[in-house]
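The values are calculated or read from the model by the stated rules, or taken from the named source; none is laboratory data. Being a predicted model, the structure only gives us computed values, none of them experimental. Note that each Cβ is placed from the backbone with ideal geometry, even for glycine, and that neighbours are counted across all protein chains shown.
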Amino acid sequence: MVRHLHSVLTLVLGFFSVGASAQAPATVTKPDDGYYRIVNARQRTDGKQYVYVTGKIAAQPNATKAGATTLPGTIIHLKTEIDSKNSGRLNVTTLRSQGVDVINGYLNPAIAQVKEALKNRLKAQLGQFVGTAAYYAIDTEVIGKWDLKMHMKPVKTSDNRNAYYAFATVPSMEPVCFFYKKYTTGGLGATFGSHVKAAVKGVSMGLYNALEANNPDKVWDEVLKLALAKIESSPYAGTDIANIVKRYINANRINQGQTYYLISGALKKVDPSGTAYNPANPTGTAHNEYDGTEAKFDFVNNNTTDEYFGPELPVTGDAAKWILEKVDDTNYFGVKPSTNMRGRDGKYYTTLYVDFPFQIKGDVKAYTIEGVDAKNAQGYYFAKVKELAQQGDTVPAQTAVVLECNSTNPADNQLLPTGDEKPKTSNNRLCGTFFGGSINGLTVKDGAGNDYNVTHDNIRAFNINAADSRNPIGFYKVKNNVTNIPGNKAFLVLTSTEAQAKSFVLEFEDGGTTGIETIENSKRSTDDGVYYDLQGRRVENPTRGIYIVNGKKVVIK
């Protein structure tokens, strides 16, 4: 049912959390902050267990271990802290992948926005002084009793592996009911009662009636109605995230005061006899079953006293448990150039655009494009290549690069995520996007922060022209029937003047290109003693510079 990790975490898990347990648990061991892959503990026959982020609010546990080695969307920057209210669990403080930080980019700003909207609404209903006082009372006596954090708690799998529950709890409406009663009855009611009631009526008569009845469940129902109305009138109306929220609200799956656990797969409610759940007859009466036919997200509660279908979490088993795999030399990330992208120099080339900084561990070089040159006498346009990093160096976050590899094996082309996602300003003309999408309408930035509106006319994609025997690899105009650009790849976006050129081949700082260095098959480069410049023109009287003699570079100083 749920296919979107970020929407689940933000709107369900990330927005709610559990209350403290009755007994003080042992202090949990905090995992190191860093880059991880999150894999579901359930062993799927198709191997699809790894969380793969494919959009700003889209992710699924649908990558295999082999696939995860080359998918940037499986790499998640995780930071946690031990919960000060419950030392047996962790608070998630950063959960970031593909430029999206669920906690700091969605959850925390959303909470701040809700609080600000509440304060403004109270001021409008009650006036500046009373409204401000009411807000701070609510912040202390209601919101202050909620723990609006996402949590992780260590757990063992059925085969004794270390894993975590990812969970949270919908805020209880009991503090809301208590607050309303306190300020509408008794001594405080005489002072504030009419103001509080007027404010609630101004929001919703349904909410007013639920509070008057002192019914937390009814209060929550009215809150959900207000949330749906807000979604329908917002720019999110009709979007995936809005539809997901509506689906769960309409199915009565989100209930006040209840804890929810993220799972892979789904929960199926079975009612064979039309009789409520009976522990003595668990399959003959209404009950919950686990459905693991698809690699997708859902969530279940830890309810053991369900009035009709019985408990949820116990039937999911390992599907509700998540294993952290640190991205390292064993669980590595690497690139896999296409075998077709082989230059005349024997190297393989690809591009990469990722959210995280990475250290080059394999025999790989990273290049940026510092600009483009006008057409030369042979009709070539050149993309000016600048070496940025090689083995042992680190490429800053969000830096679009061309990678030169000696192999198409990702194990030989390892890149280790390291550091924080703080991009550096540069002269790099390359652009990129984390998520694949339509070319027309896409807006991107280059290394200097310049904005570009991408069109078919101004984009040049990294490709190879096999028909060109000299300089086959570069940036080429895309065909009109190509409508999408893939994610995590780099490309050029040109000015209107530059867009007159259909392609740009790579020209390195020393004047070399991906095709010019090994052209032994070209007759004019194998004549003994004949000098050619880097554009292939014969030079009768060479001076200082770089030339091609007998198919090899010669430097005259």
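May I ask you to verify whether residue 107 is part of a helix (DSSP H, G or I), among the hydrophobic types (A, V, I, L, M, F, W, C) and touching a Leu at 6+ places or on another chain (Cβ under 9 Å)?
Here the answer is yes, as residue 107 does meet what is asked.
Looking only at residues in the range 422-449 that are in contact (Cβ under 8 Å) with a residue 24 or more places away in the chain and of a type in the set (Ser, Thr, Tyr), which one is farthest from residue 491 (Cα to Cα)?
Top of the filtered list is 425.
Of the residues that sit in the range 125-164 and are hydroxyl-bearing (Ser, Thr, Tyr) and closer than 22 Å to residue 197 by Cβ, which one is surrounded by the fewest Cβ atoms within 10 Å (Cβ to Cβ)?
Here the answer is 140.
Output the qualifying pairs, or none if there are none: Cβ atoms under 7 angstrom, residues six or more apart or on different chains, first residue in the range 91-109 and under 13 Å from residue 74 (Cα atoms), second residue assigned to a helix (DSSP H, G or I) and not small (Gly, Ala, Ser).
Qualifying pairs under 7 Å: 95/9; 95/102; 95/103; 98/72; 100/6.
Being outside any strand (DSSP E or B) and either assigned by TED's automatic domain parsing to the domain that holds residue 436 or at pLDDT below 95 (or both) is the filter here; which residues of the range 46-65 pass it?
56, 57
Within the range 41-49, is even one residue under 16 Å from residue 354 (Cβ atoms), surrounded by 21 or more Cβ atoms within 10 Å (Cβ to Cβ) and touching a residue at least 12 places away in the same chain (Cβ under 8 Å)?
no
Condition first: assigned to a loop (DSSP other than H, G, I, E, B) and surrounded by fewer than 20 Cβ atoms within 10 Å (Cβ to Cβ). Now tell me which residues in the range 361-395 satisfy that.
Correct list: 361, 363, 374, 375, 376, 377, 378, 379, 390, 391, 392, 393.
Return yes when residue 189 is in the same structural domain as residue 119 (by TED's automatic domain parsing) and without any contact (Cβ under 8 Å) to a residue 40 or more places away in the chain and no when it is not.
Taking the combined requirement at face value, the residue does not satisfy it.
Is there a residue in the range 172-180 that is within 27 Å of the chain's Cα centre (by Cα), in a loop (DSSP other than H, G, I, E, B) and under 30 Å from residue 261 (Cβ atoms)?
Checking the range 172-180: not a single residue is within 27 Å of the chain's Cα centre (by Cα), in a loop (DSSP other than H, G, I, E, B) and under 30 Å from residue 261 (Cβ atoms).
Do you know which residues across the range 269-318 are aliphatic (A, V, I, L, M), out of contact with any Asp or Glu (no Cβ under 9 Å at 6 or more places or on another chain) and not in a loop (DSSP other than H, G, I, E, B)?
Within the range 269-318, just 313 meets the criteria.
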